[in-house]
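The values are calculated or read from the model by the stated rules, or taken from the named source; none is laboratory data. Computed from a predicted model, the values in this text were never measured in an experiment. Quick reminder, even Gly has a Cβ in these numbers, built from the backbone with ideal geometry, and neighbours come from all protein chains shown. With ligands, DNA and RNA removed, areas are computed over all heavy atoms of the protein, side chains included. Shrake-Rupley method; radii C 1.70, N 1.55, O 1.52, S 1.80 Å.
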Amino acid sequence: MKHTFSAPPLLDIIQSATEPIITIDERQRIVMFNPAAERVFLCLADDTIGAHLDTLIPARFRTAHARHVDRFKLTGISERQMGLGGPLWGLRSNGEEFPMEASISQTKTEAGIFLSIFLRDITERQRVDQALRASRDELTRLSNALLHVREQEKKHIARELHDDLGQTLTALTMELSQLEAGFAPDDHDMRARVRAMRRLIKKTFASLRRIASDLRPVMLDDLGLAAAVEWLVANFVSRYGIDVEAQIDIGPAEPGKPVATTLFRVVQEALTNIAKHAQATKVQLRLRCTESACELTVQDNGVGAAPESLAKKLPLSLGLQGIRERVRLLNGEVTIHTRKKGGFRLHAQMPAQPPESSWEAA
Ligand SMILES: Nc1ncnc2c1ncn2[C@@H]1O[C@H](COP(=O)(O)OP(=O)(O)OP(=O)(O)O)[C@@H](O)[C@H]1O
Ligand SMILES: [Mg+2]
């Protein structure tokens, strides 16, 4: 059996559409204005039909708009998105302007060419977009502030460790010398104890210096990024016995301070991760800075990680996520290449100078 379908009259569909639809004739006079258009433009079809399309457009866009519509008519194309160069603006009858998206289509009839404009009021969407952008900016500011506080705090702790505890240890050494002076020359037992205590103090000194440097290497401030990274590498090699081939090429211009600190932290985290997770025997480190950009690659030949397990771990772990965030704040990018048994490569690149809003490392 054959079904017959009957469609409602076209005008009924247009009248009940939730999107505003306006039809104009060749002279750009409005010939059809549906109820949705009435709601958006805040005017009645009865008052609008017969008026020029210009009444719905802010004055400053009228000339350009009329030209576009004419050109569209000449192309003979049946449909096109309007305003591809940016948002279009409509004018409500109360004088309020609103952003809109529109497409235009033309129909040729015996009575002439008619253009229909299908539009959408995007005020709400723009408002949401703006709110989203504002909240993203807010988050960036917050991250910047947090990083600043963290770096300051590390610097503070490093200084306290060095100055306060360091001085106490020095005082202790002097006290020991005085104590030793009081012992009889043949009191070998007590003298041996004092020597043992001195060794302990020396070890504590070394740990203290190492911890303070890990927190914030004085070198980064005093000798620059290349020396600080070399120091990290040398430390890593002597601590873990893993071979590192490092190529460090910092041009004549030292990158901005937050950039240098960030690169230092990235190398620090990458090497710590290798010691913790990789079971590697070889590491390649390349750091190159030009006047405009810095690029870092740290690659190991260790066990790597399966992308699925990494995807599961990343949201919870702070190391790589922290690095990503730091680099992102400097308008840079971190990429990771790894697979099970295939080593781990971390690549970071960023502009050599931080954006103006960036946190201060100093
Ligand atoms: N060089 C590497 N070789 C193999 N796996 C690695 C390597 N670096 C990182 N991973 C994997 O990526 C995961 C995430 O690393 P990330 O540094 O973010 O966290 P973490 O080192 O586990 O903890 P932390 O927050 O202390 O840094 C690690 O748990 C590890 O499974
Ligand atoms: Mg880590």
| task | Scan region 291-315 and report the pairs whose first residue is in the same structural domain as A270 (by TED's automatic domain parsing) and whose second residue is among the hydroxyl-bearing types (S, T, Y) and surrounded by 15 or more Cβ atoms within 10 Å (Cβ to Cβ), with Cβ atoms within less than 6 Å and a gap of 6+ or a chain change. | result | G304/T338; A305/T338
| message | What's the total number of residues in region 307-339 that are within 9 Å of ligand 1 (Cβ to nearest atom) and of a type outside the set (K, R)? | response | 13
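To keep it simple, each residue is scored yes or no on (1) of a type in the set (D, E); (2) under 30 Å from the mean Cα position of the chain (by Cα).
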| position | (1), (2) |
| --- | --- |
| A102 | no, no |
| T109 | no, no |
| I122 | no, yes |
| Q167 | no, no |
| D187 | yes, no |
| query | Can you name the residue in region 298-337 that is open to solvent by 30 Å² or more (accessible area, probe 1.4 Å) and in a strand (DSSP E or B) and is also nearest to A246 (Cα to Cα) among such residues? | reply | Q299
| said: On the basis of being open to solvent by 50 Å² or more (accessible area, probe 1.4 Å), in a loop (DSSP other than H, G, I, E, B) and touching a strand residue (DSSP E or B) at 6+ places or on another chain (Cβ under 9 Å), does E254 make the cut? | reply: yes
| task | Could you tell me whether any residue of region 263-275 is open to solvent by 50 Å² or more (accessible area, probe 1.4 Å) and either small (G, A, S) or more than 13 Å from ligand 2 (Cβ to nearest atom) (or both)? | result | no
| request: From the list I24, I13, pick out the single residue that is open to solvent by less than 90 Å² (accessible area, probe 1.4 Å) and either basic (K, R) or in contact (Cβ under 8 Å) with a residue 60 or more places away in the chain (or both). | output: I24
| said: Test of understanding: among R141, R193, R198, R210, which residue is open to solvent by 50 Å² or more (accessible area, probe 1.4 Å) and under 30 Å from D249 (Cα atoms)? | reply: R210
| message | G343 - would you say it is in contact with a strand residue (DSSP E or B) (Cβ under 6 Å, 6 or more places away or on another chain), more than 24 Å from L139 (Cα to Cα), more than 14 Å from ligand 2 (Cβ to nearest atom) and open to solvent by less than 50 Å² (accessible area, probe 1.4 Å)? | response | yes
| Among the residues of region 111-127, is any at negative phi, part of a helix (DSSP H, G or I), surrounded by 11 or more Cβ atoms within 10 Å (Cβ to Cβ) and aliphatic (A, V, I, L, M)? | no
